[in-house]
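Down below is the structure, laid out as structure tokens.
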Amino acid sequence: MTDMDGWVAFIGAGPGDEGLLAVRAVRLLADAGLVVAPNEIADRLRHLLDDAAEITEPGDTAATSKALLAAAKDGKLAVRLHEGDPLLNGGAAEVAAVARAKVRYEVVPGMPASTAVPAYAGLPLAGDGSSAEGPDELRVIHMSEVSRVTHGPGTLIVTGAETAPVDLGKMLIAAGWPDATPLALTWGGTTTEQQTVLTSLGRVGPDLKAAGASVATTYGQAVAVVGEAAAKKTRMSWFETKPLFGWRVLVPRTKEQAAVVSERLREYGAVPEEVPTIAVEPPRTPQQMERAVKGLVTGRYQWVAFTSANAVKAVREKLEEYGLDARAFAGVKVAAVGEQTAKSLLAFGIRPDLVPEGQQSAEGLADSWPPFDDVLDPINRVLLPRADIATEALVSRLTELGWEPEDVTAYRTVRAAPPPQPVREAIKGGGFDAVLFTSSSTVRNLVGIAGKPHAVTIIGVIGPQTAKTADDFGLRVDVQSPQPSVLELVDALAAFGAQQRETAAANGDPLRRPSERRRGARKRLAIKP
């Protein structure tokens, strides 16, 4: 057998959080030619797959094994994705079939829901280290086995508890468990849909009814923790208490621009949704950019000032079109308007000489710009590759400082196409908990292509000018970034969410996301903080 032969990998997808995937699993998914997985898992991990990968649903053991072996015979890496861990969730028979066929295979373990979900719910399964008697006894069973479980010390974990959570309490009491035994039920574990209800075996029915009538069908799979460990969530919960946990946040930026914002939002527990409001297109006439590139390589400029990541992208693409790279900037000083633009330059291999420390805007860049010195500066020309709608403020300030700016249209900004109808309805109907506006144009364009956000939606803006534009459109501004930085804007929204959580806890009110306060919003499980 050679490295060119096809083979099979059985991979555990874990309980839901993509971050719990093994590093090995991520690498193999990227190389897979065939992926056999339930639709829910395939949709969740599709972005990790090669565009050419074939995706199919599993059948019975024989059909699934046949598909895996056929793909391996064709020289492909065939991946079978299982929820949780392959050998804990019905994969053993498929592994055995591939082994009998003498085809190379590998098993990549996955995080089982029985341990991962309680960890995300803040439940210490083997004690919290405070007992001198050592770790508690731990038993893991499926819901179908509950009637045969006798009462005993330690912690009992029940998977598949969503099928009949009320019956779970009754069955354990019938088996000799005290009705006051603590019980924690967690739905949607390790995802931003995670919801936990703390109760006891004798009060499962009333407490679930108080929390929401249709929890079993609404939130899918559930894991139950029975025993004293279930009572410790109140002081060890870390996931569901994130400041923006479960918040659906609209980010009206392109996918490239929104990546860093979305990542920070996820760290705070939010669910970002990127909706571009601006599309970037090449300039109508390329001559300006062609002359700028020629001037760059012939030493025409002392400085090049980038006021956006889009400008960096446009110049980079034009240079590469001529077979040039970052070496074209040799001997030229480079300025970036802020941290994101600086990161784009670093990705191109250019370390900017000037980044404003205070306000990260064209005005802030102008305030940081040194005056022209005819002794120290051999050339006074500054290249400004910008959008077609850029303001003249930076040009005027540089001219006052003795420089000769050349304002070049590197790209055009046009209003993006309207988002899909469900997104438009969510914007106008209060389906989003917050929206983050990072410029005045994002306000104007979002309203233009999708309508005004609902009154319950929290409005976050990056600075005073954006706040003014939002006000002009009749939007109430709830959060404003202390500095014109997209990351600081996310941090400010998280601080707002944390304050909302603290206020609800202090008043003894149920915790509700902004979207849940609108009329007709779907009732959710109450989270006990």
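The values are calculated or read from the model by the stated rules, or taken from the named source; none is laboratory data. This is a predicted model, so every value here is computed, not measured. Quick reminder, even Gly has a Cβ in these numbers, built from the backbone with ideal geometry, and neighbours come from all protein chains shown. Only protein heavy atoms, including side chains, enter the accessible area calculation; ligands, DNA and RNA are left aside. Shrake-Rupley method; radii C 1.70, N 1.55, O 1.52, S 1.80 Å.
Per-structure values
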| read-out | value |
| --- | --- |
| Percent accessible area from carbon and sulfur atoms, the stretch 55-199, protein chains only, probe 1.4 Å | 55 |
| Accessible heavy-atom area order of R386, R513, R104, R46, highest first, probe of 1.4 Å | R46, R104, R513, R386 |
| Dipole axis of the chain (+1 Lys, Arg; -1 Asp, Glu on Cβ), positive-most option in T181, A336, Q465 | T181 |
| Around L68: net Lys/Arg minus Asp/Glu count, Cβ-Cβ under 9 Å | +1 |
| About the Cα centre, charge dipole magnitude for the stretch 393-529 (Lys/Arg +1, Asp/Glu -1 at Cβ), debye | 1120 |
| Between the stretch 72-100 and the stretch 148-169, the alpha-carbon center distance in angstrom | 30 |
| With DNA, RNA and ligands ignored, accessible area of S439 (1.4 Å probe; Å², nearest 10) | 30 |
| Accessible-area value, M289, 1.4 Å probe, nucleic acids and ligands omitted, Å² | 10 |
| Unit charges on C-beta of K, R, D, E only; dipole of the stretch 17-90, Debye | 320 |
| Average accessible surface area per residue within the stretch 1-100, 1.4 Å rolling probe, Å² | 49 |
| Student exercise, the chain dipole from Lys, Arg, Asp, Glu Cβ charges, in Debye to nearest 20 | 1140 |
| Accessible area in square angstrom per residue, the stretch 380-529, 1.4 angstrom probe | 46 |
| R148, R266, reordered so the largest accessible area comes first (probe 1.4 Å) | R148, R266 |
| Loop trypsin sites (Lys or Arg not before Pro), the stretch 272-322, which have at most 15 other Cβ atoms in a 10 Å radius of their Cβ (DSSP) | R284, R300 |
| GluC sites (Glu not before Pro) within the stretch 377-485: DSSP coil, no more than 11 neighbouring Cβ in 10 Å | E392 |
| Cβ-defined net charge surrounding I462, 15 Å radius [Lys, Arg +1; Asp, Glu -1] | -2 |
| Overall form of the stretch 461-500 per C-alpha gyration tensor (a/c, 1.5; a/b vs b/c) | oblate |
| Among V103, A78, G33 - extreme Cα towards positive end, dipole of the stretch 1-129, charges at beta-carbon | V103 |
| Aspartates and glutamates whose Cα lies under 19 Å from that of K294, excluding same-chain neighbours fewer than 8 positions away | E317, E320, E321, D325, E404, E406, D407 |
| Percent antiparallel among DSSP beta bridges (both partners in the chain, rounded to 5) | 30 |
| Summed side-chain charge close to S147 - residues other than S147 whose Cβ falls under 11 Å, Lys, Arg +1, Asp, Glu -1 | 0 |
| For the stretch 395-411, 3J(HN,Hα) per residue [Karplus equation, 6.51 cos²θ - 1.76 cosθ + 1.60, θ = phi - 60°, Hz, x = Gly/Pro] | 4, 5, 5, 5, 5, 4, 7, x, 8, 10, x, 10, 7, 10, 6, 8, 7 |
| Cα shape, the stretch 410-513, gyration tensor, a/c 1.5 rule | oblate |
| Residues whose placed amide H lies under 5 Å from that of V304, excluding near-sequence neighbours | K333, V334, A335, L383 |
| Apportionment of accessible area to carbon and sulfur, the stretch 362-481, percent (1.4 Å) | 52 |
| Sequence-distant residues sharing a close amide H with R415 (under 5 Å, placed H) | A279 |
| Rounded to whole Hz, the Karplus (6.51, -1.76, 1.60) HN-Hα couplings of the stretch 96-113, x for glycine and proline | 5, 5, 5, 5, 5, 7, 6, 9, 4, 8, 8, 10, 9, x, x, 6, x, 4 |
| Three-way shape label, the stretch 378-417, alpha-carbon gyration tensor, a/c 1.5 | oblate |
